[in-house]
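Accompanying notes for the structure given below.
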Amino acid sequence: MLGLDAQLQAPARLKIMSMLAAVSEIEFSTLRGELDVSDSVLSKHIAALTHVDYVRARKGNHLGRRTTWVSATRSGRAALSAHVAALRAIIADVD
Amino acid sequence: MAEDLVAEDVVAEDVDARRVASGRRLTRVNLQSWKVSPRLSNMESNHVPNPADASAALDEALRSRARLAAGLQLPPWFSVSIGLAVAVQILTAAVGPIIHTAASWAALAAGALLFAAVAGAQLARFRRLNGVWIGGLVNRVVLGAAPAASLAYGAGLAGALWAGFAGQWWLSAVCSAAGGAGYVAGSRRWLRRYRSDPRANTPAESLWWIAAMFALAGALLVLLVLER
């Protein structure tokens, strides 16, 4: 199917990319709280999405505490748009 | 790339043959070469979802995004402090070139510094409170790049300058306050629009647009100084 992205087929990854599209940057702990998943699960998803250059992660520092900030790359936003359009096309086929 | 994949298949078949020869039961899934084979992991798939699955996945993703956007809050006194800082900045920007003394120029600089300090502090509070950073909030709401905020600021400054040149300083103060209030209204409007369509309202204005606005403001200030 044209536009469907194998990397975004997992619902959790689609949710991550969808939330990243709504902000410029989000703290790892905030994203984890919104998704209600464990650190390790989120880390794996972020690592996989970083590997295909859909997501960028950077380390920050807040009041002496190490923080990780995650953002969607341009190619990640484009892939999300294409994937969502493909999903909508599938849905529209039966509407 | 294709040659690499073929080579990996050959290696996989070679391993397969050797293990079968050694009498060990083996499935292709257990091959050591799975990490480098073109096979996708269990989190990735080329499977085309049926319409019900596609709809469920999309709805859930959009609900998550809407939940995130709806949960974002402006820190207490965010709008009021930004509005006051903008009003003071407009008034001092009018005072500087009209009175044209060292003290009035110092007031102009102090107004700009006050705005920068308040804006920086409020943005840091927003980030700490919500754990997110939104480019659109920074330059459309705080830096006034949104059309409504730009218009309010421009009208407020023009009114304050006009009243100042006419010697009506009370009217300058009113125009400055109106400019600050317009700024605040713009920020509230942006937040409402952001919550209804987060994706469209997240990106910041282009750097060229912001640079052009600052260049225009600088040129106007220079023009006013030269006119004096």
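The values are calculated or read from the model by the stated rules, or taken from the named source; none is laboratory data. Owing to the predicted nature of the structure, the values given are computational and were not obtained by experimental measurement. Cβ: placed from backbone, ideal geometry, glycine included. Neighbour counts: every protein chain shown.
Structure data summary
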{"read-out": "Of all residues making up the range B:102-144, the number that are among the small types (Gly, Ala, Ser) and under 11 Å from the mean Cα position of the chain (by Cα)", "value": "2"}
{"read-out": "Total residues in the range B:121-180, condition outside any helix (DSSP H, G or I) and either among the hydrophobic types (A, V, I, L, M, F, W, C) or away from chain A (no Cβ under 14 Å) (or both)", "value": "10"}
{"read-out": "Identity of the residue in the range A:48-95, modelled with pLDDT of 90 or more and assigned to a loop (DSSP other than H, G, I, E, B), that ends up nearest to the other protein chains (Cβ to nearest Cβ)", "value": "A:VAL52"}
{"read-out": "Sole exception among (1) modelled with pLDDT of 90 or more; (2) surrounded by fewer than 12 Cβ atoms within 10 Å (Cβ to Cβ) for B:ALA163, by number", "value": "(2)"}
{"read-out": "The range B:67-83, residues that are crowded, with 17+ Cβ neighbours inside 10 Å and part of a helix (DSSP H, G or I)", "value": "B:LEU68, B:ALA69, B:PHE78, B:SER79, B:SER81, B:ILE82, B:GLY83"}
{"read-out": "Meets criteria (within 29 Å of A:GLU25 (Cα to Cα), buried (at least 16 other Cβ atoms within 10 Å of the Cβ), at pLDDT below 90 and among the polar types (S, T, N, Q)) for B:SER64", "value": "no"}
{"read-out": "Considering residues of the range A:1-24 that are assigned to a loop (DSSP other than H, G, I, E, B) and at the interface with another protein chain (Cβ under 7 Å from one of its Cβ atoms) only, the residue nearest to A:ALA47 (Cα to Cα)", "value": "A:ALA10"}
{"read-out": "Which numbered condition A:THR30 fails, given (1) surrounded by fewer than 22 Cβ atoms within 10 Å (Cβ to Cβ); (2) touching a Ser or Thr at 6+ places or on another chain (Cβ under 8 Å)", "value": "(2)"}
{"read-out": "Qualifying residues in the range B:131-160 (those that are among the small types (Gly, Ala, Ser) and touching a strand residue (DSSP E or B) at 6+ places or on another chain (Cβ under 9 Å)) - the one modelled with the lowest pLDDT", "value": "B:GLY135"}
{"read-out": "Matching residues in the range A:25-44 - criterion: being under 29 Å from A:ILE90 (Cα atoms) and either within 9 Å of another protein chain (Cβ to nearest Cβ) or not in a loop (DSSP other than H, G, I, E, B) (or both)", "value": "A:LEU31, A:GLU34, A:LEU35, A:VAL41, A:LEU42, A:LYS44"}
{"read-out": "Among the residues listed as B:ALA173, B:ALA146, B:ALA163, B:ALA158, the single one being of a type in the set (Gly, Ala, Ser) and under 15 Å from B:ARG188 (Cβ atoms)", "value": "B:ALA146"}
{"read-out": "Residues (part of a helix (DSSP H, G or I) and free of Cβ contacts under 8 Å to residues at least 12 places away in the same chain) located in the range B:181-203", "value": "B:ARG192, B:ARG193, B:SER196, B:ALA200"}
{"read-out": "Filter result for B:ARG125 (buried (at least 19 other Cβ atoms within 10 Å of the Cβ), touching a helix residue (DSSP H, G or I) at 6+ places or on another chain (Cβ under 8 Å) and of a type in the set (Lys, Arg))", "value": "no"}
